[in-house]
Amino acid sequence: MAVHAALADLSLREAAARIRTGAMTAVDLVRAVLARCDERDERLGAVLARGDESALAAAEAVDRSLAAGGDVGPLAGVPIGLKDNICTRDLPTTAGSRMLEHFQPAYDATVVERLRAAGAIPVVKLNCDEFAMGSSTENSAFRPTRNPWDPSRVPGGSSGGSAAAVAAGLCAGALGTDTGGSIRLPASFCGVVGVKPSYGRVSRYGVIAYASSLDQVGPVTRDVADAALLLGVIAGHDPRDSTSSPRPTPDFAAALDDGVRGLRIGLPREYFVEGMQPEVETAVRGAVDRLQELGATVTPVTLPHTPYAIATYYLVATAEASSNLARYDGVRYGRRAESSGGVEEMYRTSRGEGFGTEVKRRIMLGTYVLSAGYYDAYYVKAQRARTAIAADFRRAFETCDVLAAPVAPTTAFRLGERLDDPVTMYLSDILTISANLAGIPALSVPCGQDAGGLPVGLQLLGRPFDEATLLRVAAAHEATGDWPERRPPA
Amino acid sequence: MTGPVEAVIGLEVHAEMLTASKIFCACSAAFGGPPNTNVCPVCLGMPGVLPVLNGQVVDFAIRAGLATHCTIQPRSVFARKNYFYPDLPKGYQISQYELPICLGGHLDVLVADAVRRIGLTRIHMEEDTGKNIHDADVTGSLVDFNRSGVPLLEIVSEPDMRTPEEAGAYLRTLRSILQYLEICDGNMEEGSFRCDANVSIRPPGATALGTKVEIKNMNSFRAVERAIAYEVVRQREAQQAGEPIVQETRLWDADREETRSMRSKEHAHDYRYFPEPDLPPVAVDLAWLERVRAAMPELPAERRTRFEQTYDLRPEDADVLTQRKDVADYFEAGVAAGAAPKEMANWTMTELLRLIRDEKLDRALVIRAWPITPAQLAGLANLVADGTLNRNTAKGLLAELMGTGLDPAELVRTRGLAQVSDAGAIEGVVAVVLRAHPEQVQQFKAGKDKVIGYLVGQAMKASGGKANPKVVQDVLRRALRDG
Amino acid sequence: MAITRDEVRRVAALARLHLSADEEARLAGDLDHILSAFATLQALDTTGLEPMRPVDVADAPLRPDGAVNPPAADALLEQAPDRQGRLFHVPRIIE
């Protein structure tokens, strides 16, 4: 099985290249990935569903096509994991919730269609906090996922399954979603690369909505070049998503090796918070220093409305979520509770049983925030505060090309550690939410490990639709170390 | 409060738009069909789906707004109206709230020979819900989502109406406009044109509004008028008895002819409106407005006035002729084909409208295939006007002309159907009839003038219906006088 | 600003969520705690600021009015928890 093991560790680029040249078959690669799931997921708990048959069938089709000299896409034969809030027509899609425990959509999300069109093979559905609400994947209705670097700790959330799977070598690439940091935080905790594109860069059609004005789909990979490749496949205007940008998709890989000479990096002072784990600060500042050595200039900047970001985020996100989750009423699909009363009782019982504690909490908060008498004071106020937060970034980008900061104040915390107090859990997001509020792109790239070996992520934030510069800086940073080669203990 | 009261009535109309596809997805918006066939993930509210706006819906809204003198907003915003009901798939309806597409406006309505101007508050776009069918065995309901997502225009009037008749006239006028614009087929029975009424009372001359009651479940214009009339009386009697009028929703019961309070709901309606995050604002620029304005057909009120003036028609007749645009077009085509306006009007109002009813042609919003063409009807009208045919014969020919495209004048010629108007020829027939009915002759000479009708009838029969009845009467009278 | 049990019940009713007595108590505390933490937002002067809108799409894109026969109508009905023929069945609506 050593041969198989090596296959599953190949980067997306390398795997795609070898399949294209015939150096290996797609079937072998899919088998290797499935074998890794067999070996490692028991401990990890990242996989909610597997499509062994469909994936092998798709792999066989790719191999046949190649043998016949046919044209195949840039990711032909490459297995990809999908966060379980992304609809796949051949695999169950639960959003980590009992409400959708037995739901299988009859349609693919646009991002899944694009993966398939590129020849990629959806192979596993990955665990997440229920309806993407959470920062640790502990809110999954089914099981928590464990951090591959330390199984007593969380992988981060809500895309914890995606980050853990990529870090643990189950698959070389996965898609996650990021509403308030849900790709970047788990990427940071698990030592992988995670990108949240600009709002509107990637279609949300078929992605189970949490907060409509904040959600984005993005790649989770082991290195920056893979992230650029995967982002390029899924990005682009979708007529089925009215908020998707009509901007053409650039070649995200084109400028990857251009280096950082002359680029201006801003350090927002509000993001180096008091009480940060010292090793996190050291790793992040160290990374910035290295970029400076490579020719970037570094300037302090201020984002003065940062203190309002948590409140703004949770008021807007929960308000939109409370409305987005109203469709889960047991009428047309999903969980319907046994009830002897009328339809109202059916609603209350189905939703009471189908939703977990955190989801209920956020629905309640969001409903309250929108209800008569509170709408102006909470929801409207928060949407206006958002404009101020976005303006802070615009101002910062007048003098900088990217901003650098930590992803989180700490490395991965222990399972169960933050479940008592919702506000404590919410504060995990403090450094990531502003990018969602402003709609700007941001990513996490590994930059160090703490004394316990737990990964630290460097966060880079960029101008709207300037993912290319973020990836370029991230690539330059990545080249100063060996993080893509680091693997968690087996 | 005793004494006279003033009724204050506002109407809210929901009109289903005649687009090919639904407002936020490409499913067919056509009425009917087997249940849950015109459905897709979007209009079923499945996880992850998103709305995409049908441009034709905006165009229709602009059309309706311009026709009713509204101000079209250059930017309008969709909003979510959040509530739970089995026919509402997403648990919210996408509608417009704070920033609708049309504001202001008015309709001029003809009521008992006077024109009343009824103000409009707003017009906005929204999606329709599915349909609940109450289950036969009472264990629940059955839901069909074919209608979910069909585009609606909501048209809200100011509380400017004062009588049920004004309300009825407003609805007829509004429906006629929407039909002229081909936005809506205006069918209350099938539910493509729905009306809710808001009714309150106050002392005459007061400016403050009384407590308003919403009335629903009225399925025809007559029902609207009856329900409003009933409700005004109910409120007046309640007030006279010292009972407060409760702000509530009441349903019209057409069988019992009364409004009934809906059982009180546990939850007050808190719709938690907020701007729809999945849809950016709707932009309407001046160029679009101009395009719609340029393509606007002549509207019913203008056409009615023009018919009165140009064709010298009575207002009631002009009104009948302009109720339907296709009928008004038909009439004018007939005049263009050479018929005298008054004759064409007459024939259109009697024969054509009867034909439309009998053949159920009015099911279509726009009748395109006429069983008898305007030129044919015009031809027939001319043949009667110039004395070639009498009216009865002409009516008898209608059936033959239908669906044939035959020219009536040609038909008359080939079949020798021209009525005989030659007095000389008729004198012979008259002489025979007088000889055959000596009693009636005596009666006439004794002063019973009415018996002439009988004698004319006999002469018509004897002539095989071909005699010109006017000439017959003249000849008969002369013969009776002289003989 | 304390969130009362009544408030919690009102909101739970709007959201059609059945809550146990324990959940009610806990949520009252949670909502209170969370909203207090957010009270700082009230201090921000937001006069003159427009609510946020998506960065790149100013106007709603418009779709041409063609009807397309949805291919998956039958497959969508298969997800129904309770069906009679092609109709979704729900428990009775008590008006």
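Based on a Kirkwood Rh over C-alpha pairs, give the Stokes-Einstein translational diffusion coefficient of the stretch B:6-290 at 4 °C and viscosity 1.567 mPa s in µm²/s. Diffusion coefficient, whole number: 65 µm²/s.
Unpaired Cys in chain B, meaning no second Cys C-beta under 4.7 Å: B:CYS25, B:CYS27, B:CYS40, B:CYS43, B:CYS184, B:CYS195. Distance between the 7 Å Cα→Cβ label points at B:THR350 and A:ARG143: 8.8 nm.
Once C-alpha pairs closer than 8 Å and six or more residues apart are averaged by separation and normalised to the residue number of the stretch B:423-482, the relative contact order reads 45 percent.
Computed from the alpha carbon atoms alone, the convex hull of the stretch A:405-490 holds 111 Å³ per residue. For the protein assembly as shown, DSSP calls about 80 percent of its internal beta bridges antiparallel. In the stretch B:298-415, one over the average inverse separation of all distinct C-alpha pairs is 14.4 Å, which is the Kirkwood hydrodynamic radius.
Centre-to-centre separation between the Cα atoms of the stretch A:428-475 and those of the stretch A:368-411: 17 Å. Restricted to Cα atoms, chain C shows a radius of gyration and a Dmax of 22.6, 57 angstrom. Assuming R0 = 22 Å, what is the FRET efficiency of B:MET296 and B:GLU189, from their Cβ-Cβ distance, to the nearest 0.05? With R0 = 22 Å, the Cβ-Cβ based efficiency is 0.15.
Placing a pseudo-label 7 Å from each Cα along the Cα-to-Cβ vector at C:THR40 and B:ALA114 gives an inter-label distance of 6.6 nm. Between helix B:451-462 and chain B there is an angle of about 80 degrees, using the helix long axis and the longest principal axis of the Cα atoms. Checking the Cα-Cα distances for B:LYS22/B:LYS212; A:LYS83/B:LYS131; B:LYS342/B:LYS448; B:LYS342/B:LYS450; A:LYS360/B:LYS90; B:LYS445/B:LYS470 against a 24 Å cut-off, the pairs over it are B:LYS22/B:LYS212; A:LYS83/B:LYS131; B:LYS342/B:LYS448; B:LYS342/B:LYS450.
Across all Cα atoms of chain A, the radius of gyration (one decimal) and Dmax (whole number) stand at 21.2, 71 Å. Could you give the C-alpha radius of gyration of the protein assembly as shown expressed as a fraction of 2.2 N^0.38 Å, taking N as the number of residues it contains? Against the compact-globule rule of thumb, the ratio is 1.20. With respect to chain B, whose longest principal axis is taken over its alpha-carbon atoms, helix B:325-336 is tilted by about 30°.
The mean of 1/r over all pairs of different alpha-carbon atoms in the stretch B:35-172, once inverted, gives a Kirkwood hydrodynamic radius of 17.0 Å. Counting Lys and Arg as +1 and Asp and Glu as -1, what is the net charge of the other residues whose Cβ lies under 14 Å from the Cβ of B:ASP358? In short, +2. Geometric descriptor of chain B, per residue, is 232 Å³ (volume of the convex hull of the Cα atoms). Here the contact order of the stretch B:202-267, divided by its residue count and restricted to Cα pairs under 8 Å and six or more residues apart, works out to 36 percent. The GluC sites (Glu not before Pro) of the stretch A:238-311 meeting both criteria, a DSSP state outside H, G, I, E and B (loop) and at most 14 other C-beta atoms within 10 angstrom of the site's C-beta, are A:GLU274.
Placing a label point 7 Å from the Cα of B:ALA423 along the Cα-to-Cβ direction, the residues of the stretch B:461-475 whose backbone N falls under 18 Å from that point are B:467-475. For the stretch B:383-470, which trypsin sites (Lys or Arg not before Pro) are both in a DSSP coil and crowded by at most 15 other Cβ atoms within 10 Å? Filter output for the stretch B:383-470: B:LYS448, B:LYS450. Using C-alpha pairs below 8 Å separated by at least 6 residues, the relative contact order for the stretch B:298-415 is 22 percent. Within the stretch B:423-482, all pairs of alpha-carbon atoms sorted by distance into 5 Å bins from zero give the percentages 4, 21, 37, 25, 11, 2. In this simple spin-label approximation, C:GLN84 and B:ARG478 carry label points 7 Å from Cα along the Cα→Cβ vector, and these lie 7.9 nm apart. Take each residue in B:89-101, count the other chain C-beta atoms within 10 Å of its C-beta, and the mean is 2.
No value in this document is a laboratory result; all are computed from the given coordinates. Note that the coordinates shown come from a computational prediction; the quantities given were computed from them, not determined experimentally. Note that each Cβ is placed from the backbone with ideal geometry, even for glycine, and that neighbours are counted across all protein chains shown.
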